[in-house]
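One structure is given here, and the rest of the page talks about it.
Throughout, read-outs are computed from the coordinates displayed, never taken from laboratory work. All figures in this text were calculated on a predicted structure; none of them were measured in a lab. Methodologically, a virtual Cβ is constructed for each residue, glycine included, from the backbone with ideal geometry; neighbour enumeration extends over all protein chains shown.
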Amino acid sequence: MIDILEITKKKLNENGELTKDYELFQNEIREIMQELILPCLAKNNFFDNNAFQGGTALRILYGLKRYSKDLDFTMKENKINEFSWQLYIEKIKIYGEELGIKFDCKESKDKFGNVILRIKSDSILEMLDGKNIVPNEFTNNENRIFLTKNILIEKINLFSQNKN
């Protein structure tokens, strides 16, 4: 079983600035959450038709030095009318419960028709609260991450044209 508190403490100990700079701390907590959600999506075949891209992908996969606030995905095949986060929401919540994390998830669409999943959890902050690992004021704020579903039809069409 994954020990979220131990993983968090280890990351905070590796970089002392994280316990001094609130913005860096927030970014690190967000990244821990992102790193927990990605395997859950993978276990549930999300990546069969979706690719991980964007700033967080570059940071996690290639060590980019800047943090990103969301997880970006693009569909390998344009199935926007068929896609819903609902199946994944249930899996993420169950996975979170197994880890002692309560994820609040909400699906919506942006003005471009992209399907967005917003995930919020204060569980890691609650685990840290009162343990003198970080300043108390760090654990009193909300921690949010946004999973965005970027549907890039032009890129899909371009990919399809290049394939032929």
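For the pair residue 20 and residue 136 in one chain, pulling the backbone fully straight at 0.36 nm per residue adds 40.6 nm over the alpha carbon distance. Using the Cβ-Cβ distance between residue 86 and residue 35 with R0 set to 25 Å, the FRET efficiency works out to roughly 0.60. Applying the Karplus relation 6.51 cos²θ - 1.76 cosθ + 1.60 with θ = phi - 60° to the range 38-49 yields 3J(HN,Hα) values of 4, x, 4, 4, 4, 4, 10, 6, 4, 7, 4, 10 Hz, where x marks Gly and Pro. The charge dipole of the range 4-163, taken about its Cα centre with unit charges on the Cβ atoms of Lys, Arg (+1), Asp and Glu (-1) only, comes to about 460 debye.
A simple rule links phi to the HN-Hα coupling: the Karplus curve 6.51 cos²θ - 1.76 cosθ + 1.60 with θ = phi - 60°, which for the range 66-78 gives 10, 7, 10, 8, 9, 9, 10, 9, 10, 7, 6, 10, 6 Hz, with x for Gly and Pro. Across the range 7-20, rounded Karplus estimates of 3J(HN,Hα) from the backbone phi angles (6.51 cos²θ - 1.76 cosθ + 1.60, θ = phi - 60°) give 4, 5, 4, 4, 5, 5, 5, 5, 9, x, 5, 5, 8, 10 Hz, Gly and Pro being marked x.
Exposure proxy for 8, 56: other Cβ atoms within 10 Å of each Cβ, ordered fewest to most, give 8, 56. Charging the Cβ of each Asp and Glu at -1 and of each Lys and Arg at +1, and nothing else, the dipole of the range 1-89 about its Cα centre rounds to 100 debye. For the range 32-97, run through the GluC sites (Glu not before Pro) and keep only the ones in DSSP coil with at most 16 other Cβ atoms within 10 Å of their Cβ. The qualifying sites are 77, 82.
Under 5 Å from the amide H of residue 53 lie the amide H atoms of 72, 73, 74, each residue being 5 or more positions distant or on a separate chain, with H modelled from the backbone and absent for Pro and chain starts. Pairwise Cα separations in the range 3-151 fall into 10 Å bins from 0 onward with the following percentages, short to long: 11, 41, 34, 13, 2. So which of 43/131; 43/79; 93/131; 9/93 end up more than 31 Å apart by C-alpha? From the list (43/131; 43/79; 93/131; 9/93), the Cα-Cα distance tops 31 Å for 43/131.
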